[in-house]
1. Please give the peptides 138-146, 217-225 ranked by average Cβ packing (other Cβ atoms within 10 Å per residue), highest first, as a rough proxy for protection.
2. So if we plug the beta-carbon distance of residue 73 and residue 127 into 1/(1 + (r/R0)^6) with R0 = 22 Å, what FRET efficiency do we get, rounded to 0.05?
3. Please give the peptides 160-171, 59-70 ranked by average Cβ packing (other Cβ atoms within 10 Å per residue), highest first, as a rough proxy for protection.
4. When only alpha-carbon atoms are used, what values of Rg and Dmax, in angstrom, describe segment 41-263?
5. Going by average Cβ neighbours within 10 Å, how do the peptides 254-260, 97-103 rank, with the highest at the top?
6. Return the equivalent ellipsoid semi-axes of segment 82-189 as a descending list in whole Å, where each equals the square root of 5 times an eigenvalue of the C-alpha gyration tensor.
7. Fewest first, what order do 154, 133 take by the number of other Cβ atoms within 10 Å?
8. Based on other C-beta atoms within 10 Å, arrange 158, 71 from fewest to most.
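We did not get these values from a lab; they are worked out from the coordinates using the rules stated. Quick caveat: nothing in here was measured; it's all calculated off a predicted structure. Here the Cβ positions follow ideal geometry from the backbone for every residue, glycine too, while neighbour counts run over all protein chains shown.
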């Protein structure tokens, strides 16, 4: 008796060879040349200038403290020099010319150190400004100029009265908008401190020009009375210049403090 034929069964496909995989935690390193780590990322200003953005440095706060200290000392020195000018003016009215000469020599000895102190304060402030300007704690899209004009604008005669405060305005806007606590609407109005700085710088410029005009009258007096009158006028301009110079130092301190407040995290 013959066995019945087995029913037809489909052929079983051969098993595919296993694909080798790297063990967990031991992935092979990618091949190819190593890419250098980025050192700065670009930030674009409102006028399409590129700012090389750098990570925030804590030494920027130290620069802010140094600049504020120098501005404070310069402000006090300016007020002291203004007091000298008022004192000399009073001696002129009394006709005590010997005392006038003595006081004038003392005032002249103070003038150059005060000028150097104010210049040093300005340099430290510009270094601080550049640090904040290029930091990652400011919104560079609110800047209306590049870093070159933000710093270089301070060195352009007469134009620095406008360009300098504009750079500080931009950095105030940028740091305010970059801070999570103050990021609301984009700032667009000029801060009152910037307006105050414009007034101080403009008045100082006018007083300096008036003082130079008075100096020419001192060098070529028509008479003793006209010499005394011109000296008193010149001393008035100098005293006012000292007062407004001190005011400029106070405004500078307030501006630095405001910016640093926005950069705190």
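1. 138-146, 217-225
2. 0.80
3. 160-171, 59-70
4. 20.9, 67
5. Peptide ranking by packing, descending: 254-260, 97-103.
6. 44, 14, 12
7. 154, 133
8. 158, 71
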